[in-house]
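Inspection log for the structure reproduced underneath, given as structure tokens.
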Amino acid sequence: MKLNCENCAGCCLDWRPIADSPSDHERRGPGEPLDDAYNLVPLTRDEVARFVERGLGDVLTPRLWRVDEETPGVVVDGVRIAAIDGRPAFFVGLRKPPKPVAPFGTERRWLDACVFLDPETLQCRIHDSDLFPDECSAYPSHNLDLGVETECERVEAEFGGDRLLDDRPEADERLLLGPQAIGAKVFGYPDPDDLRGVVDRLQRGALTDTDRAAFVGVAAGSRPGSLSVDDDRAAVAVADVLDADSWAGRAIRDWEDAAGGVGERARDPPDGDDVEVARGAPETPGWDAIDDA
Ligand code: SF4
Ligand code: SF4
């Protein structure tokens, strides 16, 4: 697999508002996601725990799915949600605030983008760190394995250029699929009754910090291969998430306050360096540095 990612970030931001034929391909899972995030990056239990330990628990958010009557589920807030053995199933991924970005040579607009995407260079701020998610490092190999169209090809189709330069998938055993994903990437929330009100807020994009922390706690306390949860580890993670006050969490609040409507031109947005780097975000090298290397 060989990619030309310069000035793209098609897999790190939600470019549906500027696409002629918006796709829902990357909204994966057993049903229809209750949130509206595109390209959510599902994290493993260990990755969730690492973000929490580093004081970045405030960048994490859950994903649950609406399912039909044929799919195992439970009803909460009037919605049938995917469940495993009666426990609501969920991923934990990275939050996507609106940022002023100009992908594919377009004008700068407010588009939802990964909390770790540098809005100026369109490079990942954690690319060279041990926080870089397995799912991102393997993208789009998983799609190539499954024979599913990639974001790179969709960008090529809409905006031209060559993005996917070599489409041979890379063998990567870190991508968890099937039953071994339970407790490792797909988690089970112990008591559906605790999610009353939460499911409704999730659908409205109105989750509270406390809501998010509860899911992160269950994920961090999960045991791979099972639905059991270490309550002590979960409680510590919940407390750490609620204490978190990272550069990234503060940047999310600033971007949300400054943003215009999704897809609108960002005519005089705050400077990305002021919102993110000045607060401690790792800088990105820019594409010239990569080309030279
Ligand atoms: S972590 Fe980095 S590579 Fe992954 S979606 Fe976010 S910005 Fe993109
Ligand atoms: S969509 Fe493909 S080419 Fe674009 S940034 Fe993602 S991996 Fe790179």
Against the conditions (1) more than 17 Å from the chain's Cα centre (by Cα); (2) surrounded by fewer than 18 Cβ atoms within 10 Å (Cβ to Cβ); (3) closer than 30 Å to residue 18 by Cβ, where does residue 226 fall short? Just the number, please. (3)
Consider residue 83 carefully, then state whether it is of a type in the set (Gly, Ala, Ser) and in contact with a Pro (Cβ under 6 Å, 6 or more places away or on another chain). yes
Which condition breaks for residue 19 when tested against (1) among the hydrophobic types (A, V, I, L, M, F, W, C); (2) at pLDDT 95 or above; (3) more than 21 Å from residue 131 (Cβ to Cβ)? (2)
Which of the following residues is of a type in the set (Lys, Arg), within 15 Å of the chain's Cα centre (by Cα) and more than 13 Å from ligand 2 (Cβ to nearest atom): 50, 63, 16? 63
Quick check on my filter: what residues within the stretch 169-193 are assigned to a loop (DSSP other than H, G, I, E, B), at pLDDT below 80 and either surrounded by fewer than 15 Cβ atoms within 10 Å (Cβ to Cβ) or more than 19 Å from the chain's Cα centre (by Cα) (or both)? 169, 170, 171, 172, 173, 174, 177
Of the conditions (1) at negative phi; (2) small (Gly, Ala, Ser); (3) more than 21 Å from the chain's Cα centre (by Cα); (4) modelled with pLDDT of 95 or more, residue 157 fails just one. Which one is it? (4)
Quick one: residue 49 ticks every box in (1) away from ligand 1 (no atom under 16 Å from the Cβ); (2) assigned to a strand (DSSP E or B); (3) among the hydrophobic types (A, V, I, L, M, F, W, C) bar one, so which box is it? (2)
Determine whether residue 282 is assigned to a loop (DSSP other than H, G, I, E, B), surrounded by 14 or more Cβ atoms within 10 Å (Cβ to Cβ), out of contact with any Pro (no Cβ under 9 Å at 6 or more places or on another chain) and at negative phi. yes
Of a type in the set (A, V, I, L, M) and either touching a Pro at 6+ places or on another chain (Cβ under 8 Å) or surrounded by fewer than 21 Cβ atoms within 10 Å (Cβ to Cβ) (or both): does that describe residue 244? no
It is to be established whether one or more residues within the stretch 195-213 are in contact with a strand residue (DSSP E or B) (Cβ under 6 Å, 6 or more places away or on another chain), farther than 30 Å from residue 103 by Cα and not in a loop (DSSP other than H, G, I, E, B). yes
Give me the pairs, please: first residue somewhere in the stretch 222-235 and of a type in the set (S, T, N, Q), second residue anywhere and part of a loop (DSSP other than H, G, I, E, B) and surrounded by fewer than 16 Cβ atoms within 10 Å (Cβ to Cβ), beta-carbon distance under 8 Å, and either six or more positions apart or on two chains. 222/228; 222/230
What are the pairs, 6+ residues apart or on separate chains, where a residue within the stretch 151-172 that is within 16 Å of ligand 1 (Cβ to nearest atom) has its Cβ under 8 Å from a residue that is assigned to a loop (DSSP other than H, G, I, E, B) and among the basic types (Lys, Arg)? 152/163; 155/163
Quick one: in the stretch 116-130, which of the residues that are buried (at least 20 other Cβ atoms within 10 Å of the Cβ) and more than 10 Å from ligand 1 (Cβ to nearest atom) is nearest to residue 277 (Cα to Cα)? 119
Working only within the stretch 144-155, note down all residues that are crowded, with 18+ Cβ neighbours inside 10 Å and either among the acidic types (Asp, Glu) or under 15 Å from residue 8 (Cβ atoms) (or both). 150, 151, 152, 154, 155
Picking from 262, 277, the residue that is under 30 Å from residue 121 (Cα atoms), touching a Leu at 6+ places or on another chain (Cβ under 8 Å), surrounded by 14 or more Cβ atoms within 10 Å (Cβ to Cβ) and among the aliphatic types (A, V, I, L, M) would be 262
Quick one: which of 88, 98, 133 is more than 10 Å from ligand 1 (Cβ to nearest atom), in contact (Cβ under 8 Å) with a residue 40 or more places away in the chain and under 16 Å from residue 9 (Cα atoms)? 98
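The values are calculated or read from the model by the stated rules, or taken from the named source; none is laboratory data. Since this is a predicted model, take the numbers as computed values, not measurements. Don't worry about glycine lacking a Cβ; one is built from the backbone with ideal geometry, like all the others, and counts go over all protein chains shown.
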